[in-house]
Amino acid sequence: MIGLRTLRAVAMTAATLGGLSGALVGLLNEQGRRARVAIGVLDHLWPAPDGVYADDGSDPLRLAVLGDSMAVGVGVTHPSQMPGVLLAQALAEEAERPVRLSTYAVSGSTTRDLVPQVDAAVLDAPHVALIIIGANDVTSRMGVRESALLLGEQVRKLRAAGCGVVVGTCPDLGIVRPIPQPLRMVGHRYSLRLAAAQTAEVSRVGGVPVSLANLLAPEFMARHVDMFSSDRFHPSAVGYEAAAGVLLAPLCQVAGLWPGWAAPSLPVRSAAALAVRPSRVPGWLQRRHA
């Protein structure tokens, strides 16, 4: 999972950026404790449903899924709702050939944990790889630059093996309602900083970054009851379906199925999401973080 026991670390990290007062650090620590209490525990943690989808006996397209709990699909109520399964089925339909899904992602992983995942994946010579990573880097106080550079190294390793790589960058922790303000705002800022650094590094080494925060956060904020699972932290089946929807096109691109595809200039959002406005940060907190 996305480091629930380390929510306190987000608060402690805030102290290193803005010269926060001891009272404010204490407030953030207390809010981290409250968030850990408010966030529920999931009853079902399904094993990865790896295998060949749309099997017709022909040579399958090999899809590797790497990263953390969002890559795994923690929060769904049935294995068929996992993002790897959704994308394997969709890729098989688009490619008109079987797709073999291999999941290397491990719940709770940081970017450091990608190293053994990538090493194992390279041995299987995937055609396409999906990486979703970053949230645990925020909660474990991993430096933004270190995280982005390490991610770039792993993407480069996959690219050198002839694999097309799509990276879902760090999601926005600022949309998780059980995390109270101002701790949620701290998580929001760290998430976006990391996502920006990941985007630059992944692009530099030949991968395709997908901004999950930009594309999904408005929908999750507007439809939080539908989009979050029962623990109010991980996505629900509806949330993972939305994530798969924004990841499919770039995966088809790197697989050579949609060579002319280009990312839209603006994401498609529901009326409910369009009605959501950014929360106003109190002036005193902005000054603290200036």
Residue, surrounded by the fewest Cβ atoms within 10 Å (Cβ to Cβ), within the stretch 109-133, restricted to residues that are of a type in the set (D, E, K, R) and in contact with an Asp or Glu (Cβ under 9 Å, 6 or more places away or on another chain):
Arg112
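This table checks each residue for (1) over 27 Å from Gly187 (Cα atoms); (2) charged (D, E, K, R).
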site: Pro49; (1), (2): yes, no
site: Asp59; (1), (2): yes, yes
site: Val65; (1), (2): no, no
site: Val85; (1), (2): yes, no
site: Leu101; (1), (2): yes, no
site: His127; (1), (2): yes, no
Quick one: in the stretch 23-81, of everything that is among the hydroxyl-bearing types (Ser, Thr, Tyr) and not in a helix (DSSP H, G or I), which residue is modelled with the lowest pLDDT?
Thr77
Looking at Val115 and the list (1) in contact with a Gly (Cβ under 9 Å, 6 or more places away or on another chain); (2) of a type in the set (Val, Ile, Thr); (3) modelled with pLDDT of 95 or more, which single condition is not satisfied?
(1)
Restricting to the stretch 220-229, give me the number of residues that are part of a helix (DSSP H, G or I) and modelled with pLDDT of 85 or more.
2
Would you check if Gly75 is open to solvent by less than 30 Å² (accessible area, probe 1.4 Å), under 21 Å from Cys163 (Cβ atoms) and not hydrophobic (A, V, I, L, M, F, W, C)?
no
Taking the stretch 173-215, which residues are β-branched (Val, Ile, Thr), in a helix (DSSP H, G or I) and more than 21 Å from Gly162 (Cα to Cα)?
Ile175, Val186
Looking at the stretch 138-158, can you tell me whether even one residue there is part of a helix (DSSP H, G or I), modelled with pLDDT under 90 and surrounded by 17 or more Cβ atoms within 10 Å (Cβ to Cβ)?
yes
Can you work out which of the residues in the stretch 177-188 that are touching a Gly at 6+ places or on another chain (Cβ under 8 Å) and at pLDDT 80 or above is most open to solvent (accessible area, probe 1.4 Å)?
His188
Can you tell me which condition Ala243 does not meet? The list is (1) crowded, with 20+ Cβ neighbours inside 10 Å; (2) under 17 Å from Met70 (Cβ atoms); (3) out of contact with any helix residue (DSSP H, G or I) (no Cβ under 8 Å at 6 or more places or on another chain), and all the others hold.
(3)
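The values are calculated or read from the model by the stated rules, or taken from the named source; none is laboratory data. All of these numbers come straight from a predicted model, not from anything done at the bench. Reconstructed Cβ throughout: ideal geometry from the backbone, glycine too, with neighbour counts over all protein chains shown. All accessible areas refer to the heavy atoms of the entire protein, side chains included, with ligands and DNA or RNA removed. Shrake-Rupley method; radii C 1.70, N 1.55, O 1.52, S 1.80 Å.
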